[in-house]
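To keep things clear, I will list the structure first and then write my remarks on it.
The values are calculated or read from the model by the stated rules, or taken from the named source; none is laboratory data. Owing to the predicted nature of the structure, the values given are computational and were not obtained by experimental measurement. Here the Cβ positions follow ideal geometry from the backbone for every residue, glycine too, while neighbour counts run over all protein chains shown. Side chains included, ligands, DNA and RNA excluded: accessible areas come from the protein's heavy atoms. Shrake-Rupley method; radii C 1.70, N 1.55, O 1.52, S 1.80 Å.
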Amino acid sequence: MKYYTTMHAILTAIQFMCALLGVIYFKKVKKSYWKWFSVYLIFIFLQEVFWTFMANAMRELTEEYYAFIGIPVQYLFFFWLYAFKSLKNKNLFYVFTGVYLLTYFPTELYLGKINFVYSINLTIGTILLSFLVVLEYLKQIRNDDILKFKENKMFYINLGIILFYVGTYPLFAFESELSKDANLGLWNAYYIYFLISNCVMYLLFGASIIWGKHPLK
């Protein structure tokens with residue numbers, strides 16, 4: 001659909017903007033852990049551009065890449081940002097990372113089905129990430145950071161994570177079931193939400209870079 005093509009172009013432009021902001025602000029945050037947020041945004045943009053152009057030529061490889069590299073990198077990065085850095089709970093980070101990575105072994109070794117890998121991987125990853133989102137909001141409420149949300153980088157990131165990762169979970173976890181609809185009405189509705197929420201999430205990431213405070217450590 002032409003609408004999808006337009007939305008994908010808008011999403012790519014927004015991701016480019018975020019990557020550019022990451023480059024511009026890298027020098028300012030290079031002494032803090034937020035430099036890795038800039039690196040992450042640059043990586044995501046380059047990844048999406050590359051596989052957008054290569055998807056038709058290497059469709060099967062594209063699916064395997066996202067199942068075993070593209071998506072895991074995203075979840076593991078946010079586990080690190082939330083648990084290890086923001087919540088300062090290293091044990092929580094190690095446990096969540098271990099649980100998440102363990103979801104790959106039974107699905108790949110015994111089933112070898114990409115769709116099933118997506119389903120169980122996204123289910124566990126989203127549940128763990130949702131738990132971290134709740135903990136982050138509780139932290140902000142307890143120390144009144146929520147009152148200074150405009151300067152709080154994690155406020156913007158938290159909101160973006162909720163809208164995209166949590167909000168789009170049904171689309172990818174139950175894609176095979178949703179696609180059975182003869183008219184694909186529900187699937188199309190979720191996919192439109194996926195594109196819009198993805199755009200909004202990266203706009204919020206950009207806002208966190210521009211308006212959020214950049215701690216030195």
Q: Looking only at region 178-185, decide whether some residue is modelled with pLDDT under 80, farther than 22 Å from Trp211 by Cβ and surrounded by 18 or more Cβ atoms within 10 Å (Cβ to Cβ).
A: yes
Q.
I'd like the residue in region 73-96 that is among the polar types (S, T, N, Q) and in a helix (DSSP H, G or I) and, out of all such residues, is most open to solvent (accessible area, probe 1.4 Å).
A. Asn91
Q | Residue that is surrounded by the fewest Cβ atoms within 10 Å (Cβ to Cβ) [pool: residues in region 1-26 that are in a helix (DSSP H, G or I) and at pLDDT below 90] | A | Lys2
